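Data first, discussion second: the structure below is written as C-alpha cells.
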Amino acid sequence: MQICSGLRPSAELADNQEDERDLMPYPVLDACFELFAGQKLSLPETLAELRRRFTDHELKQLDPAYEPGRLKEWVKKFARLFVASVYKWVQSPQGVHVSDLDLDRERALQLPVVQSIEWLKLDDLN
C-alpha cells in the first residue's frame, strides 16, 4: 500500500481542498469545539475566551492571511457549520458514543431542531 506524503489532512475528497485553509486553523477550530460544545459557552463567551487564548501575532503565525477581526468571522463560521452538522446528526439514527464529550441527545448541547440559525444571533457577536 502506498501512502501519499506531503498532503495535508482533509475531511473531503475535493481537489485542492485543505480544511485549515477552507475552515480555520485547527487550533482555533479545536478551541471553538471545546468551548462551545464541550464547555457549553455562548458564542460571545467563546469569542472572548478565544481572544484571551490567542494573540493576533499567534493567529497570524497559524494563518498568514489573518487580519484583526477575522477571529469573530471564524467563530460565526464555526457556529453555522456546527449547528448544521448537529441538525443533520439529530436526524440520523442513533450511533455509538466513543468520547467523553457529552453530545448525546438527552443531556447534551440542546439545540432547537430548526432549519434556521437565526437564534444564534450571529450579527450581535461583538
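The values are calculated or read from the model by the stated rules, or taken from the named source; none is laboratory data. The model shown is predicted, which means the values in this text are computed figures rather than measured ones. So basically every Cβ, Gly included, is an ideal-geometry build from the backbone, and we count neighbours across all protein chains shown.
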- Single residue of Arg53, Arg21 found to be modelled with pLDDT of 90 or more and either of a type outside the set (Asp, Glu) or buried (at least 16 other Cβ atoms within 10 Å of the Cβ) (or both): Arg53
- Message: Out of the residues in segment 56-69 meeting the condition of being touching a Leu at 6+ places or on another chain (Cβ under 9 Å), surrounded by 12 or more Cβ atoms within 10 Å (Cβ to Cβ) and not acidic (Asp, Glu), tell me which one is modelled with the highest pLDDT.
- Response: Leu59
